[in-house]
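Okay, structure first, notes after.
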Amino acid sequence: MELDIKEKALSLKSTFQDVFQREPQIFISAPGRVNLIGEHTDYNEGFVLPAAVNMHIIMLSALREDKKINLYSHKFKKLVSFTSDNITYNKEDMWSNYEMGVAKMLVEKGYKLDGADILIGGDVPINAGLSSSAAVEVATTLTFKELFSLDISDIEIIKLSQRAENEFVGVGCGIMDQFASRLSKKNYAIFIDCRSLEYEYIPFKTEDIKIFLANTNVERALIGSEFNKRRSESAEGAKLLSRYIPDVKSLRDISLEEFDKYKEHLPKVIAKRCEHVVNENHRVIESIEGLKNNDILKLGGLMWKSHDSLRELYEVSSRELDLMVDIARKTEGVLGSRLLGGGFGGCTISLVKNESIEKFKENIMLEYPKKTGIKPEIYICSAEEGAHRIEGV
C-alpha cells in the first residue's frame, strides 16, 4: 500500500514542478475514512467505529522565502494565495477554505506560519461521505507541522482540523473524521469515545470480506442544511431529558432503559432523533463485542438496523440511498449495508464476501441506473494506515 501512495505522490510531482517551478520538499498522505457503524453519534459525544481506507489526499509542499502561502488544487486547476496575517473566507474558491481554515486555527493558537507552496491532489471523492474535507484538513495541519517544525501533538492536530471545519468552513461536524484520518491503523477499526477522546484499536481484517462503497452520485449539501438542524435537534433532546435524568450532558449519557422511560416527554420529532442516537451508541458497543469475537456477521446485522434507523428516525436517507441498500439486501454474500456519513446522498457502505463482490457490482450497475437514470461509482476498500509523511519519494 505504501508503494501505491508513493506512486500517487510521484504522479503529482511534475504538476508541482510546472506550477511552482521548483521541487517539492515534503510529501504528506491523509486517507479518507469510512465509519463502520456509529452515525450521527460523534457530535453527541458518543461512540463511533471508523477505519481509514485506501483513498488519499496527497499534499506536496516546499518552503518559500517570503510570507506568501500558495495553494494549488490539482482537481480544480486553481491557485489561491494568502498570508498568515490575512486569512478570510473565500466565497469563489470554496475548496481552499479547508486549508485556510487550518492556517487560521494554527495562527490563533500561536503557531508561526511562514511562506509555502502547496499542491493538493489525491483520489478521495468529494461529496461521497468519505470525508475528503477531514483528509484535506489533517493533511494541511501535518504539512504545516513538517514544514515549519511545529511542536503539535496528534490530538491537537485532530482538534485543530475539526475547529477549521466547524468555525471557518461552517460545518458542525464531530471529531470522528479527523481522528480516523490521523490515527487509523492498517487492518484495524478504531473505537473512539468522542467525549474523552480515548480510543482502542479493534481487529478488522479485510482478507475474506471487503468494504464495498457504492456512490449514488447524488450530491450532499451539508453546509447550511439539514445536518446542522439534526445537531441542534439532538442537543435539544439531551437538554429536555436532563430535566428527568440527572447529569445528562449529551445523548451518550442516556441508557436504552432511561430513554424508553422518558421519551414520552419529548416532542415527536425530537424523540425520533434521540431514539436513533441512543440506540446507535448501543449498536457500536455490540459491534465491537462481535469483532473481538471474530463475529463479522454481528456487525453486518447491526449495519442493516443502523440504516433503518437513519431512514426512519433520523430521516437523513434518500430514495437513492435506500435503493442501494435494497439491492444489497437482495444480493447473497452481502453481510450488511447502510448509508455512509451525513446522509442525503453520497455512498452506502456494505460488507461483502470476496466471492460476491462481482455479483453485487453487477446488480448495482444494472438496477440502480435503470431506476434512477444515474450512473453509480463503486469503490472496493480495505482498512489502511492513517495520515503520515511519505518517505523516499
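Fewest Cβ neighbours within 10 Å first, please rank S96, S149 accordingly.
With the sparsest Cβ surroundings first, the list reads S149, S96.
Can you bin the range 220-320 into rounded, prolate or oblate? Criterion: square roots of the alpha carbon gyration tensor eigenvalues sorted a ≥ b ≥ c, rounded for a/c under 1.5, prolate for a/b above b/c, oblate for the rest. Taking the square roots of the gyration eigenvalues as a ≥ b ≥ c, the range 220-320 is oblate.
Could you give the dipole magnitude of the chain about its Cα centre, charging the beta-carbon of Lys and Arg +1 and that of Asp and Glu -1, in debye to the nearest 20?
620
Considering only D123, D247, D326, give the residue with the highest GNM mean-square fluctuation for the chain, with springs between Cα atoms whenever their separation is below 10 Å. Among D123, D247, D326, the largest GNM mean-square fluctuation belongs to D247.
In the calculated pair-distance distribution of the range 146-205, the portion above 12 angstrom amounts to 70 percent of the Cα-Cα pairs.
GNM on the chain, C-alpha springs below 10 Å: top fluctuator among N281, N86, N217? So, out of N281, N86, N217, the one fluctuating most is N86.
For the range 147-221, what's the relative contact order in percent, using C-alpha pairs closer than 8 Å and at least 6 residues apart?
Dividing the mean separation by the residue count of the range 147-221 yields 19 percent.
Per residue, the convex hull spanned by the alpha carbons of the range 2-204 comes to 112 Å³. Mean separation of Cα pairs under 8 Å and 6 or more residues apart, divided by the residue count, gives the chain a relative contact order of 23 percent.
Around the amide H of V48, modelled in the peptide plane, lie the amide H atoms of I192, C194, all under 5 Å away and 5 or more residues distant in sequence or on another chain. Relative contact order of the range 2-204: 26 percent, from C-alpha pairs under 8 Å at least 6 residues apart in sequence. For the chain, modelled as a GNM whose springs connect Cα atoms under 10 angstrom apart, the maximal fluctuation among E137, E258, E226 occurs at E258. For trypsin sites (Lys or Arg not before Pro), the sites in the range 45-117 that DSSP calls loop and that have at most 15 other Cβ atoms within 10 Å are K67, K75, K77, K91, K109, K112.
Taking amide H as placed 1.01 Å from N in the peptide plane, G122 has its amide H under 5 Å from the amide H of I58, each at least 5 places away in sequence or on another chain. Residues whose amide H comes within less than 5 Å of that of S317, counting only those at least five positions distant or on another chain, are F344 (H built at 1.01 Å from N in the peptide plane).
Run lengths n ≥ 4 of DSSP H only: what is the helix-derived mean residue ellipticity at 222 nm for the chain, with -39500 (n - 2.57) per run over all residues, to the nearest 500? Mind showing how you got there, number by number?
Values: 11 runs with 158 residues, N = 393.
So the calculated ellipticity at 222 nm is -13000 deg cm²/dmol.
Computing Rg and the Kirkwood Rh from the Cα coordinates of the chain gives a ratio, Rg/Rh, of 0.97.
Cross-link partners of K78 among lysines, defined as those whose alpha carbon lies under 26 angstrom from its own and excluding same-chain residues fewer than eight positions apart: K6, K8, K13, K67, K68, K91, K104, K112, K145. Once the Kirkwood radius over Cα pairs is known for the range 163-276, the Stokes-Einstein relation at 20 °C and 1.002 mPa s delivers a diffusion coefficient of 126 µm²/s.
Any read-out appearing in this document is the output of simple, stated calculations on the displayed coordinates, not a laboratory observation. For clarity, every value in this text was computed on a predicted model and none was experimentally measured. Cβ sites come from the backbone with ideal geometry, for glycine too, and all protein chains shown count toward neighbours.
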